[in-house]
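Some notes on the structure that comes next.
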Amino acid sequence: MYFKYAKYQYISTKRVLDFIFPKMISVKVSYTVKPEFAAQNKQNINAFLTDFKQLKQLKFLYNVYLQDDGLTFLHISMYENEEVQQTILSTPSFLAFQQQRDESGLSVSPSVERLSLFGSSLGVVS
């Protein structure tokens, strides 16, 4: 996606985001739960996402995906900076989610990867 910068000059979404959020942090976490914990994990995720929606003053994006097996969860998050990341990840409902997930006896332990933004259909992370 490109934005019109001047009369005939366009810049990419990535350059816009790099300008707005020069220290943006993007992370991917994936893990697989046991079948008996899947429903509880979904409830825990809904709880922390509800709390995250109240943090409108912070610039971050947090999405959770469920793979076709119904047991593998993929979390993709973007934070304006480390301060925002630490605030989000310190939310009590998120900490409770992590603790219960980790104590449930996962089939596949969490894999955490830091990502570099290449492009986006979003103009601004909000």
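Rounded to the nearest whole angstrom, the semi-axes of the ellipsoid equivalent to region 31-77, taken from the Cα gyration tensor as √(5λ), stand at 23, 12, 6, largest first. Treating each Cα of region 72-126 as one equal point scatterer and applying the Debye formula with no solvent, the log10 of I(q)/I(0) at q = 0.21, 0.28 Å⁻¹ comes out as -1.02, -1.28. Gain on full extension, evaluated as 0.36 nm per residue between Val64 and Ala39 minus their Cα-Cα distance, stands at 7.6 nm.
When the Cα atoms of region 17-126 are aligned to their principal axes, the ranges along those axes come out at 45, 27, 19 Å in descending order. Surface composition of region 36-126: carbon plus sulfur atoms hold 50% of the accessible area, using a 1.4 angstrom probe and ignoring ligands, DNA and RNA.
The values are calculated or read from the model by the stated rules, or taken from the named source; none is laboratory data. What you see is a predicted model, and the numbers here were worked out from it, not measured in a lab. The area values use the complete protein model at the heavy-atom level, side chains included, leaving out ligands, DNA and RNA. Shrake-Rupley method; radii C 1.70, N 1.55, O 1.52, S 1.80 Å.
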